[in-house]
Amino acid sequence: MKTLFFLLLLILTDRAWSYPDFIGYGYASCLTCHYNGQGNGPLNDYGRALWASEISSRVFINERTTDEQLGEKSGFLPSKPMPWWFRPGIKYRGLWAQSNPGSEATKVRNIIMQASVNAAIHFDQNQKYVFVSEFGYIPTPVGQGDSGSKPSNWLSREHYLRWQVNDEYFTYFGLTDKVFGIRILDHTAFSRDKTGNAQNDQTYGVIVHKIQTPYEFTGHLFMGNMTQEASVRQKGFSFMAEKDLTQYNRVGGTLLMSNNDFMQWVRLEGHNKIGFGKGNSLLVELGMIQNKPKITNSETGFYGLLEGNALINRGYSLFSQVEYYNQTMTTSSPDQSRWAFGFLMFPYPRCEIRLSFVNGRSLTDSGVTDDQTIIHSQLHISL
């Protein structure tokens, strides 16, 4: 295992997002581990300790080191506590991908997906007021590298002030991801990309999050990203409601409505997050996507997501993801499907490795296109 680990470090790159799969450990609410109640972004102290003491493997840990000691050393500087008011972080995410391996059309890409610094600043020791920010590098979108309008590779992915009003209400003011659906780590999934909630689709706005066990309600009033031209900013709202049926079973749904000068969006989804046995999970999301251009007829599409995670041993899991999308819910648009299978590994605290095989297919009335196959290898280092 040690030899395999060091070989993987030589060839892999990284990626990380939030982990709704952790409902298999009994953690249904993202607020348990993240400053952001919807997930993503920096981990709080409990989230760091949980990753080190319960999620990551102990293969490379001295057997005399206890899980409690791992949790105590999970801070930014393992040997020295940070001031109570400051929690810094560093993230590197990359991606190695080979498309259509074995064919003449094969391509290999090695991409730095993210290299960023983040910080949470506490204005009081009870963390009633917290400012969270993340700034760093993102890759140039495909096809824009040689254009005169090449976007900047440096941006703030999020910056917001969180105010805990009381034990039930949290509010967020600033730049965040939109509140919508299951925030899985694959930002290219149909449930994220087609709904306008991909990796760089953040928006300025106000979020109100209410926790009243067994319910969670979240409303988001947003005005678009100010780095975009005013005419294309999507302005609107989303509302999510979730209920814990048990500690390991959460159901919910979201409505999102917004518009700009050219297009009106309506997105509606329902989801179910299920944990069974320690570390095993099943995520289900079904949704409707309606786009209403101001000058042409509207289109209503459908998507589905099914993702399973099976724990092999502490820190090592198998995962599988099945997706479906049809742009108009008619035979005039192709049925797009995608299946992914692979391994999710946390071999050491602050380190994640993901290996995956992805197969995509598009089916139309006239036939089936050639399958698109991609092999991914990813590594996430978070300090």
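Brief remarks on what is shown
- Residues whose amide H lies under 5 Å from that of THR227, counting only those 5 or more places away or on a different chain, are absent; hydrogens are built 1.01 Å from N in the peptide plane.
- Placing +1 on the Cβ of every Lys and Arg and -1 on the Cβ of every Asp and Glu, with nothing else charged, gives region 160-248 a dipole about its Cα centre of roughly 220 debye.
- For the pair region 232-253 / region 307-340, the C-alpha centres are spaced 20 Å from each other.
- Nonpolar atom fraction for the chain, defined as the carbon and sulfur part of the 1.4 Å probe accessible area, stands at 60 percent.
- Environment charge at ASP261 (Cβ cut-off 15 Å; Lys +1, Arg +1, Asp -1, Glu -1): +3
- The phi-based Karplus calculation (6.51 cos²θ - 1.76 cosθ + 1.60; θ = phi - 60°) puts the 3J(HN,Hα) values of region 271-277 at 9, 9, 10, 10, x, 8, x Hz, whole numbers, x for Gly and Pro.
- Amide H within-cut-off set for LYS178, under 5 Å, with H built and near neighbours excluded: THR203
- Computed magnitude of the charge dipole of region 89-205 (debye, nearest 20; Cβ of K, R +1, Cβ of D, E -1): 220 debye
- Our summary gives the chain a relative contact order of 17 percent, counting only alpha carbon pairs under 8 angstrom and 6 or more residues apart.
- Size of charge dipole - the chain - debye, nearest 20, with Cβ of Lys, Arg +1 and Asp, Glu -1, no other charges: 620 debye
- The residues of region 169-248 expose, per residue, 40 Å² of accessible area to a 1.4 Å probe.
- Top of GLU229, GLU68, GLU285 by mean-square fluctuation, Gaussian network on the chain, Cα under 10 Å: GLU229
- Label positions at THR140 and PHE60, each projected 7 Å from the Cα along the C-beta direction, are separated by 3.3 nm.
- Once the chain from LYS294 to ARG314 is taken as fully extended at 0.36 nm per residue, the excess over their C-alpha distance is 2.0 nm.
- Residues in region 234-245 carry Karplus couplings, in order, of 7, 10, x, 8, 9, 9, 10, 10, 9, 9, 8, 6 Hz; the curve used is 6.51 cos²θ - 1.76 cosθ + 1.60 with θ = phi - 60°, and Gly or Pro positions show x.
- Shown here are the Rg and Dmax of the Cα trace of region 173-302, at 15.5, 52 Å.
- The string of couplings for region 342-359 from the Karplus curve (6.51, -1.76, 1.60, θ = phi - 60°) is x, 10, 10, 10, 10, x, 7, x, 6, 10, 10, 10, 10, 10, 8, 10, 10, 10 Hz, one whole number per residue in order, with x for Gly and Pro.
- Nearby aspartates and glutamates by direct alpha-carbon distance to LYS91 (threshold 15 angstrom, same-chain neighbours under 8 apart not counted): ASP14, GLU134, GLU158, GLU352
- Solvent-accessible surface of region 326-381, taken per residue with a 1.4 Å probe and all protein chains present: 49 Å².
The values are calculated or read from the model by the stated rules, or taken from the named source; none is laboratory data. Values in this document were obtained by computation on a predicted structure and should not be read as measured data. Note that we place each Cβ from the backbone using ideal geometry, even for glycine, and neighbour counts take in every protein chain shown. Ligands, DNA and RNA are stripped out before the accessible areas are found, and what is left, the full protein with its side chains, is counted by its heavy atoms. Shrake-Rupley method; radii C 1.70, N 1.55, O 1.52, S 1.80 Å.
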